[in-house]
Amino acid sequence: MAETAFVVTGMSCVSCATRIEKELRTLEGVQDAVVNFSLEELVVHYDPSSITLQQIESRVRGLGYGIRYNTEETDDLTVQRNWFIFSLMLSLPIMAVMPYHGHPFAGLLSFVLATIIQFTAGLTFYRGAWFALANRSANMDVLVALGTSAAYFYSVLSFFAVFGIHGSFFFETSAMLIAFIRLGKYLEARARGKAGEALKKLLRLQADKAWLVVDGKEIEVPSSTVKAGDIVRVRPGETIPVDGTILEGISSVDEALVTGESLPVEKGVGDQVVGASINRSGALMVRATRVGEEALLSQIVRLVRDAQADKAPIQRFADRVSGYFVPVVVVLSVATFIVWYLPLHQEFIFAFRQAISVVVIACPCAMGLATPTAVMVGSGVGLSRGILIKRGSVLENISKVNLLLLDKTGTLTIGQPALTDLLPVQGVAEDSFLEYLAGAESLSNHPLALAAVRAAEQRGIRSGSIEEYREKEGFGVSCSYRGASVLAGSLRLLRESGVPGDLLQRDAERLAGEGKSLIYVASNGALLGIAAFSDQLKETSALAVRDLKKSGIKVWMITGDRQDAAAVIARQAGVDGFEAEVVPERKQQIVQEYQAQGFFVGMVGDGINDAPALAKADVGIAIGSGADVAKETGDVILVRNDLQDVVRAVTLGKATLARIKQNLFWAFFYNVLGIPLAAGVFYFSFGITLKPEFAGLAMAFSSVSVVANSLLLKRVAAKL
């Protein structure tokens, strides 16, 4: 069974993706077909002996969609942007001459420009509507084609006085509607590009080259050619090209890709290393165990892609009802014409005008604007407060979150170790101890060493130059400072050098129990003291957790860090519970487990290892200072790195959802009143009819009211 990925273009809504899947699954030889609407990606599992790729492509094209291999580059974003600009620039002159319809030039200009827009920028909606109707379905293309055609063609008949129809025309209605919908298409293409870029950046983390060891010689080869069982050498500072087992060497390896933790992990013979992690210092000889699709990085990419495909975007309300709305409007329009023309014996022109009025006034402008205008204003309010909303449905989704999962390092905490405790032995001054510590660590790039130097600088302590500096991987450093032999590192380093380190054993056990990392410092064979380091909770984290819990949201912490370190941060933050030492796949599983229990799950993280969980969660929230992949996978970015902004985002989401519901109510209320009025129900009782031009004006007013209601969301900004 083979698998091939394609890019499918021309889909207007989620129902298009569903139609493609159903059609392809009926083909003999196709085992499964999955369409990711947000990425425009089609993945087909098929039997090459039963069906060819050309047959699959032909069937998709027969449904009215474009298809190409996903390796072929295209710039859909530029195309959609250019169509929007083109339709907008031609629509603006039509709007400008609206007050001068009585002037022949104004009418002619409106007709020419509207015609160009209708059959260039608007042609795609005719194609989409044709194929939708041919497949016995109705989508947003049908609604747009119906509404714009009714407004445009009536205006043409009115302008040229065909069939006796003469009066005001409203070319601006069809032109501006096409321009607005083209804007929506552009924004969709932009969102798809961002989603795809997240996966591309993940893949770019992989090393391009590897030093393959063959018969004792090192040969530089593309990392993609390395096979399981091959031996590669990884030099200090290089990216590890494969998942494997260390055969020779000791080094510090930055595995933030997997654990999210800022501290490098000491690795030696027999330990496992992960491809795309960084070898910080010592040279390593590694036997490849997992390569290609089996490597951890490839698994993370697959997890993110699968999660994005599984989390289909919420269909816009207009799309959900279009299957019923379109036929109902058409039936009402036809019924209006028949009733007026036959039983009521009115003139053809009168009956036709009322039928057109029904179609025009029922055009889903207000319905279509109800969600995007509220989302646009809400997103703007969020951005002004450092909350970047990436997708329209997020503001609705975030208001429903009742369980929030928080990463630890970089999310709840600052994300880098800091000196927390100095325990010099009796008789040693604290500043003197810190000077020796900072001096010994001044040439090291280890995060704990940098934290020690930073702490000394903050106290105004400047260490002198050191001599005979040596760094032993996994142990620490030794040097000569102020004429004394100095050691700074683990307890193993001291014991190996014959220095007793048990003097502060009880304090060391207490600090280690709090999840802190320790550095022992000795001079001329005598212990000077112990320095303790740990990642610190952000100032606003505990307050944010408390506010979230007050709003009825359960808060849990999940982290790849050690159990003891995680327990300390969980207690300080006040979360409801936590799980430690979790891998990226497990984080995603935790999200799925809570979703299966009926929770609407939000995930907050900042690392590459958080990306699968961010993608799988109902709402993914990324920390602004985190990895690019996390930010691009998440639905929300907290620009200010402040967890309190999660509380603000929930508040904003609830306010936006309330505004959307109000907009939809008024849009439907308008149709409930407007359609009977346009059909002439009140003609005999009150002598009221609605001409198509006034129906178009009423439709415009309904859209304006929805926009005005959405703008009231700006009042929420003062409360955030």
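The values are calculated or read from the model by the stated rules, or taken from the named source; none is laboratory data. Since we're looking at a predicted model, the values are computed, not measured. Please note: Cβ atoms are built from the backbone with ideal geometry, for glycine as well, and neighbour counts cover all protein chains shown. Heads up: the accessible areas ignore ligands, DNA and RNA and are worked out on the full protein's heavy atoms, side chains in. Shrake-Rupley method; radii C 1.70, N 1.55, O 1.52, S 1.80 Å.
A few remarks follow.
- Residue in segment 601-613 that is among the polar types (S, T, N, Q), more than 11 Å from ASP407 (Cβ to Cβ), open to solvent by less than 50 Å² (accessible area, probe 1.4 Å) and in contact with a helix residue (DSSP H, G or I) (Cβ under 7 Å, 6 or more places away or on another chain) present: no
- Condition broken by GLU266, with the remaining ones in (1) touching a residue at least 40 places away in the same chain (Cβ under 8 Å); (2) in a strand (DSSP E or B); (3) under 24 Å from GLY605 (Cβ atoms) satisfied: (3)
- Qualifying residues in segment 442-455 (those that are modelled with pLDDT of 90 or more and open to solvent by less than 10 Å² (accessible area, probe 1.4 Å)) - the one nearest to LEU423 (Cα to Cα): ALA452
Per-residue answers, yes or no, for (1) in a loop (DSSP other than H, G, I, E, B); (2) within 22 Å of THR540 (Cα to Cα); (3) modelled with pLDDT under 85:
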{"site": "ARG353", "(1), (2), (3)": "no, no, yes"}
{"site": "CYS363", "(1), (2), (3)": "yes, no, yes"}
{"site": "THR371", "(1), (2), (3)": "no, no, yes"}
{"site": "VAL381", "(1), (2), (3)": "no, yes, yes"}
{"site": "LEU388", "(1), (2), (3)": "no, yes, yes"}
{"site": "LEU404", "(1), (2), (3)": "no, yes, no"}
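- Among the residues making up segment 456-476, those that are loosely packed, with under 13 Cβ neighbours inside 10 Å and of a type in the set (D, E, K, R) are GLU457, ARG462, GLU467, GLU468, ARG470.
- Being of a type in the set (Phe, Trp, Tyr), surrounded by fewer than 22 Cβ atoms within 10 Å (Cβ to Cβ) and at pLDDT below 80 is a condition met by at least one residue of segment 683-699.
- For segment 264-279, a tally of residues being more than 19 Å from GLY476 (Cβ to Cβ) and under 34 Å from the mean Cα position of the chain (by Cα) returns 7.
- Residue match in segment 418-435 (condition: crowded, with 19+ Cβ neighbours inside 10 Å, more than 40 Å from the chain's Cα centre (by Cα), in a helix (DSSP H, G or I) and not aliphatic (A, V, I, L, M)): yes
Conditions tested, residue by residue: (1) buried (at least 24 other Cβ atoms within 10 Å of the Cβ); (2) touching a strand residue (DSSP E or B) at 6+ places or on another chain (Cβ under 7 Å); (3) at pLDDT 85 or above; (4) closer than 20 Å to ALA708 by Cα.
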position: GLY624; (1), (2), (3), (4): no, yes, no, no
position: ASP628; (1), (2), (3), (4): no, no, no, no
position: LYS631; (1), (2), (3), (4): yes, yes, no, no
position: LEU657; (1), (2), (3), (4): no, no, no, yes
position: ASN671; (1), (2), (3), (4): no, no, no, yes
position: GLY680; (1), (2), (3), (4): no, no, yes, no
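- Scanning segment 241-257 for residues that are open to solvent by less than 50 Å² (accessible area, probe 1.4 Å), touching a strand residue (DSSP E or B) at 6+ places or on another chain (Cβ under 8 Å) and over 15 Å from GLU218 (Cα atoms) returns VAL242, ASP243, GLY244, THR245, ILE246, GLY249, SER251, SER252, VAL253, ASP254, GLU255.
- Selection count, segment 552-569, where residues are outside any loop (DSSP other than H, G, I, E, B), over 18 Å from SER517 (Cβ atoms) and among the aliphatic types (A, V, I, L, M): 3
- Scan of segment 314-333 for residues that are crowded, with 16+ Cβ neighbours inside 10 Å and at pLDDT below 80, ordered by number: ILE314, GLN315, ARG316, PHE317, ALA318, ASP319, VAL321, SER322, PHE325, VAL326
- The residue that is surrounded by the most Cβ atoms within 10 Å (Cβ to Cβ), among those in segment 102-147 that are among the hydroxyl-bearing types (Ser, Thr, Tyr) and not in a helix (DSSP H, G or I), is SER137.
- Pair list, Cβ under 7 Å, 6 or more apart: segment 339-357 residue over 22 Å from PHE169 (Cα atoms), other residue open to solvent by 30 Å² or more (accessible area, probe 1.4 Å) and hydrophobic (A, V, I, L, M, F, W, C): TRP340/PHE350; TYR341/PHE348
- Residue check for LYS538: open to solvent by less than 40 Å² (accessible area, probe 1.4 Å) and farther than 24 Å from SER442 by Cα: yes
- Among the criteria (1) among the hydroxyl-bearing types (Ser, Thr, Tyr); (2) in contact with a helix residue (DSSP H, G or I) (Cβ under 6 Å, 6 or more places away or on another chain); (3) in a strand (DSSP E or B), the one SER357 does not fulfil is (3).
- Checked against (1) at pLDDT 85 or above; (2) surrounded by fewer than 24 Cβ atoms within 10 Å (Cβ to Cβ), VAL583 passes all but condition (1).
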